[in-house]
Structures are given as C-alpha cells and as structure tokens.
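Each value in this text was obtained by applying a stated rule to the coordinates, not by laboratory testing. For clarity, every value in this text was computed on a predicted model and none was experimentally measured. Quick reminder, even Gly has a Cβ in these numbers, built from the backbone with ideal geometry, and neighbours come from all protein chains shown.
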Amino acid sequence: MIEATPNIILHAADVHKNFGGLRALSDIDLQIEEGKTHAIIGPNGAGKSTLLNVIIGRIPPSSGAVVFDGTVLTGKAPHEINQLGISRVFQTPEIFPDLPVLHNVMAPAFARRDGAFRVNLLRSIDSERQIRQEAEDILDDIGLHGRRGDHAGSLSRGDKRRLELAMCLIQRPRLLLLDEPTAGMSRHDTNTTIELLRKIKSSGMTKVIIEHDMHVVFSLADRISVLAQGRIIASGLPQEIKEDPRVQQAYLGGSVQ
Amino acid sequence: MFSLSRKDLAALAVFAAVVLTMPIWLAPFGAAYPGLMQKFAIYAIFAIGFNILFGLTGYLSFGHAAFLGVGSYTTVWSFKLLSMDIGPAMLFAIIVSGVFALLIGYFSLRRTGIYFSILTLAFAQMSYSLAYSVLTPITNGETGLLLARDDPRHLDALFGAQATAAGLPQPTLFGMSVTGYTGFYLCAVILIIAFYLSQKIFASPFGMALRGIKSNQTRMNYTGFNTRPYMLAAFVISGMFAGLAGALLSITDPLAGAERMKWTESGNVVLMTILGGVGTLFGPVIGAWLIKYFENIFSAINTNMLNGLFSFLPDGVQTFVVTVLSKFVGEGWHLTLGLMFVLIVVFLPGGLVEGFHRLMVRLKRQKATPDGVTSVQPAE
Ligand SMILES: Nc1ncnc2c1ncn2[C@@H]1O[C@H](COP(=O)(O)OP(=O)(O)OP(=O)(O)O)[C@@H](O)[C@H]1O
Ligand SMILES: [Mg+2]
C-alpha cells in the first residue's frame, strides 16, 4: 500500500517507464517534502522530463504509482491533476501563442476559480476585474507588463518561458513543477527568475525544479536528487550532493563548482 | 449581465443600422427585395453560428448543413402538428437541432483535424441520404415536407384559431403574417440578436477557453481545463444557430427539402466564413452576403444586359468585352467566386476583414499619428 507520510506532499513509488526497449526510468522512489524546493539534476537523456511527464499524467508509467497528498495521480487526466493543485512549466514553452499576453495569464486563473468546465456567458473577460488585476500584478513581477497587449507568439524564447511561469504562478498551485525554467534566458533574466522563485518560496509552495545551471540549482534547492540513466543515484542536501563522489563521476565530470 | 464593452456596443449599433437599412443601401446593387434580403439575413445567422465553432476553436465542420435541414424539417412539423405561429416552430427547431448536434458532436469530437471534418461530413451525408430513403415518413422524400390544409395543428385548434381562409395557412407571429417586408424585418431582428449573442460569446471566459483550445490544446489540459465539454458546447451552440437559420428558411417559405442538407451547403458556409474572415465578428456576415449576392444577382446577369451596359463602346470592342465578361457572369458566376476565393485565401488569409484592417492601418499611418501607447486589444 502506498501511503503519503505527513509532510511528504508527493511520492513517486517504484516507478518504471520503458519506451520500447529503452528503460527511461527504473526503480524511481522520490519523495518531495511539502514547502521545499527539490531540484532534479542529471545529464541529458537521464529521464528528468520523463519523470515530470509521469507525475502530471502526460505519459502513464509502465509500473508504479505517483501519490499526491493522499490521492493517486496515476490514471488521472491532465486537467484533473492540475485541478488538484499541480502546475507545470514545460521544457519547450507551452503557451497560447495566438492570445494576448494578458489573456495567457488570465485563462489559468479562470481554470483555478471556475474548475475544469463552466459555460459562463453572462460576464465578459473585461468585467473580471479581480482576475485581471491579479494577472497584471504577476506580469509586473515577471517584467512582461509592458507587453500585455501583444500576442504571446511574438515573445522571445526567454520571455515565453517567463510567461509560462506566470501562467503557473497565477494558479497558486500547491506543487509547481519546473522543467529548465531558465534555459535560453540571459544572465539578467535568469537572476530575475531566481529572485521570483525565491520570493514564492516563502509562500509555502512546493517546487520541483529540473535545471542544468548549477548556479540556479544551488541558489534555490533545499534538496537535490541526481538522475542518471533513469535511476536516482543520489538524493540529499545540496552540500552532500556536491561532495558525493558518485555524482561527480556520473554527472559532473569530476567537480562541482 | 447583458452589457457589452463600449467597443462591442459601437459595433452592435453599426451592425444593427447596416442590417435594418438594407432596403436602402442594397437598392443600387439591385438586391433590395425582401426575398433576397431575407436570405442575406438567414445565411448570415448560419455563418455566425458556424464561426463560433470554426472561428474560435479551429475545428472545421463539413457537416453543418445537417443542422440547417433538421431546423427546417422541425419547423414544418411544428406548423403541421402544433401551430402556424413561428414562436414554437423556432423554439423546437433550436432544441431539436441542438440535440442532433449533441449526438453528432459527441462522436465527431473524439477525433481532431481532418478526421473530425470527415466525421461531420459523413454524418451530414448520412442524414441527407436517409432523408431520401428510410426517413421518408418524416421528410416526405424528394417532394419535400409540405403544409396541408387538413394538418391537425393541435395548438391552434385548442385556441380556436384555425385558419378559415381558402388556400394553405401562412406562418404568423402573434397572428401577424410574416411575408414580404415583415418577413425581412423578422429575420433582420433575429440576425441582430444572433450577432449580439456571438459578441457575448467572443467576450466571455467561455470564448477565451475556446480560443485557448485553438491556440494550444495541450496547454489547456495542463492548465486544468477539460477541453472535451468545451468543444461539445461550442459544437451544440453552433448547431443551434444553424437550426435557427433552417427554421427561418422554412418560415419564409414553408417547406423543407433534403437538398438543404447537401454537402455543398455545408461547404458554402465554410466559404462564407473564410471569405469574410475566420474568427472575426463581422467576417462571416460579410462572407454570407457576398456569396448570396453572387449566387442570386451575378448569376442573373446575361449577355443582353452586358451588351446594354457596354453599348457606348465601338462595335468590335463591345463584342470582345462582352464575350470575355460573359464568362464571368450568369452561369459563370462560380468562376468569379472561385477566383475571388483563391485570391483572398492567398493574399488575405484573414479574409476581407483582415483586408479592411490592413487598409485602416495604412490610412492611419498616412495620417502619421505619433502614438507610442500600447493598449490591450483582445484578439479577434
Ligand atoms: N515519448 C517518448 N518516446 C520514446 N522515447 C522517449 C520519449 N520521451 C523520452 N524518451 C527517451 O527517454 C530518455 C529520457 O528522456 P528525457 O526527456 O526524460 O531526458 P531528460 O533528462 O529530460 O533530458 P534533457 O536534459 O535533454 O531534457 C531519452 O533517451 C529520450 O530519448
Ligand atoms: Mg528534459
């Protein structure tokens, strides 16, 4: 029986995933503590994104299960998993390219407030002052307020990433999954994003972050798990991971700086 | 609750004015007679409804004529069984076509893209064939469903309002006949209401969800939207608009035939929407009017009229001009329409509305207003 222990908000238990002959994930046992930022690092093709995909229901695991706060996620539809309070930033930004930036951020807020389906014809988007204000505030935080009227498709890659982060943040999820949130960003934007993620850290949101940039990892993570060839080879506090010889061997090519 | 943004309110006012003054501004085009203007209004309603599905969600239905047909048949049956009043007729047409759309949509929406289109086409063609075969007791086959003097009309009988005049009974609105200009103004008012409804849908969170589905369905799902019922709702709403248009066709001319469900009708509404501008408020209306105009007026132009028009030219030139132009009018109207369609799709993928916007932008730029303020413009 899989049971979530008190302050473990997410538990991936004995998860395996094979793509044909390829063992993308084996023997994964991952526990995420509530309110913490948990980084997952590992070389390219290690299975990091696949792990997130299993968690949010994009791909079913070959065996094993994922439990979120006492609810088994495995087998649920993506929208159901989101409605439980899990939002995700993808490795390649998934936004609404044909909608204005402001509406990109407002739509997730409607999903949070109105649930998975609601035909609401009487009110107009413009008359939803509260949600609009919230969206504008977040765009302000993230530095995209000036572009709120532009189509999201016209943003740069880095801006699309930040927009997607804003779309997740407005949902105030209990668990935020971030797949390389700063890839393709300038140093300056990376730092702004780190700052933003730090700020919401205090709000008690749990975060799982996949990242190649060690600067980002070590400035945010409370715990780190290292994935290599589909297996978790180490898990622990940042300092422990830094010094773990297996990690240096498998991933960091000898030294962590 | 019934309010619109200032911009939408202005659009609605302009739209209402344009529709209600049709008899004036269509006169120079030779199209200001009630029978044709009614058609303009009815097909505009059809296209507006189609655009709620195709324009907002991007799902291209090739079977919307089925709902037009269902609306027509339901209306005639309401006339026969219940009452010659158009109120119940329209109500039932909307309900029955909505139920039909629910069934067809439920199955068709299990697929996306081309497979969705093919499924809708298959359902519509099936309805069309059935109307000629197994369903003849309901549709009266090739003859079409007609009114008869001795139809029961239970509601009318109940209220003792049985028509006593000679000949077939006529559809009425609270006892008022709806022929001629009354018929046109009836359709015009309903068109304005339909336009208003589509404005409400476009501006609502529901409309935004539909646009989200068109833009990125994956993101919608991972954002917590259950997209299936949203799609189905859009499909049913647009089916109901089509049913209403079908009802009006039978109200202005009380008979119903299966040819209304033919795939060419389904194709026409696609052309109308693309020609005018997919996903815009005005586009489908403009497209519908243009196509109906070509179908009815352009197709009636003959060589004699052309000869008259170009009689000022020297003989040889006149013959030449008339010979060339005659290929594009009369029976050749399809050629003109086809060429126009190709040109628009190639050069103005956003339809005539996009052309209009581009023109406005160019005019504005010529005036050279230095203006750096960006404002939020919801996508249209
Ligand atoms: N849908 C899929 N079908 C088949 N193979 C897949 C699929 N998704 C991932 N893989 C394979 O699984 C392995 C793990 O991929 P994954 O994307 O999880 O790696 P990653 O750790 O996120 O790498 P990166 O750092 O490059 O993003 C890779 O070999 C990849 O090719
Ligand atoms: Mg990855």
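At a glance:
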| item | result |
| --- | --- |
| Region B:297-368 - convex hull of the alpha-carbon atoms, volume per residue in Å³ | 136 |
| Sparse-neighbour loop sites [trypsin sites (Lys or Arg not before Pro); region B:141-209; at most 10 other C-beta within 10 Å; DSSP] | B:Arg149 |
| Ranked B:Trp263, B:Trp289, B:Trp77, B:Trp25, criterion: other C-beta atoms within 10 Å, fewest first | B:Trp25, B:Trp263, B:Trp77, B:Trp289 |
| Whole-Å distance, taken between Cα centres, linking region B:209-238 and region A:176-248 | 33 |
| Under-5 Å amide H pairs with A:Leu177, H placed in peptide plane, nonlocal only | A:Ser87, A:Arg88, A:Val89, A:Val208 |
| 0 to 90° range, to nearest 10: angle between helix A:187-201 axis and chain A longest Cα axis | 90 |
| Per-residue average of Cβ from other chains inside 10 Å of A:97-103 | 5 |
| Residues whose placed amide H lies under 5 Å from that of A:Ile40, excluding near-sequence neighbours | A:Ile209, A:Ile210, A:Glu211, A:Ser225 |
| Alpha carbon convex hull of region B:6-285, volume per residue in cubic angstrom | 137 |
| Karplus-derived HN-Hα couplings along region B:81-93 (A = 6.51, B = -1.76, C = 1.60, θ = phi - 60°), whole Hz, x at Gly and Pro | 8, 10, 7, 7, 6, 7, x, x, 4, 5, 4, 5, 4 |
| Value of D in µm² per second that Stokes-Einstein yields for region A:100-172, Kirkwood Rh from Cα pairs, at 10 °C (1.306 mPa s) | 128 |
| Between helix A:129-142 and chain A: long-axis angle, C-alpha atoms, 0 to 90°, nearest 10 | 50 |
| Restricting region B:137-215 to chymotrypsin sites (Phe, Trp or Tyr not before Pro) in coil, as DSSP defines it, with at most 16 other Cβ within 10 Å | B:Phe159, B:Phe174 |
| Footprinting exposure proxy for B:Phe15, B:Phe100, B:Phe225 (fewest neighbouring C-beta atoms within 10 Å first) | B:Phe15, B:Phe100, B:Phe225 |
| Using θ = phi - 60° and Karplus 6.51 cos²θ - 1.76 cosθ + 1.60, couplings along region A:72-84 (whole Hz; Gly, Pro as x) | 6, 7, 4, x, 7, 6, x, 5, 5, 5, 5, 5, 6 |
| Placed amide H near B:Phe62: partners under 5 Å, 5+ positions off or other chain | B:Thr120, B:Leu121 |
| Kirkwood hydrodynamic radius of region B:87-237, from inverse mean 1/r over distinct Cα pairs, in Å | 19.3 |
| Cα-based Rg of region B:1-89 normalised by 2.2 N^0.38 Å, two decimals | 1.38 |
| Share of Cα-Cα pairs in chain A lying beyond 36 Å, as whole percent | 13 |
| Among B:Val99, B:Val70, B:Val134, residue whose mean-square fluctuation peaks in a GNM of chain B (springs only between Cα atoms under 10 Å) | B:Val134 |
| Per-pair calculated FRET efficiency, R0 = 35 Å: B:Thr218 and B:Asp253 via Cβ, rounded to 0.05 | 0.15 |
| Rounded Å value of the spacing that divides the Cα centres of region B:277-302 and region A:28-60 | 55 |
| Separation in nanometres of the label points that stand 7 Å from Cα toward Cβ, at B:Val99 and A:Leu237 | 7.0 |
| Point-to-point label distance, A:Val72-A:Asp222, nm (Cα→Cβ direction, 7 Å offset) | 2.8 |
| Sites A:Gln229 and A:Leu121 - FRET efficiency at Förster radius 51 Å, r taken between beta-carbons, to 0.05 | 0.45 |
| A:Arg246, B:Arg365, A:Arg118 arranged by Cβ crowding within 10 Å, fewest neighbours leading | B:Arg365, A:Arg246, A:Arg118 |
| Simple label model, 7 Å out from Cα along Cβ direction - A:Arg187 to B:His154, nm | 8.3 |
| Residue-wise HN-Hα coupling along region B:346-352, computed from phi with Karplus coefficients 6.51, -1.76, 1.60 (Hz; x: Gly, Pro) | 6, 9, 9, x, x, x, 4 |
| Calculated P(r) tail over 14 Å for region A:178-244, as whole % of Cα pairs | 61 |
| For the protein assembly as shown, alpha-carbon Rg over 2.2 N^0.38 Å | 1.19 |
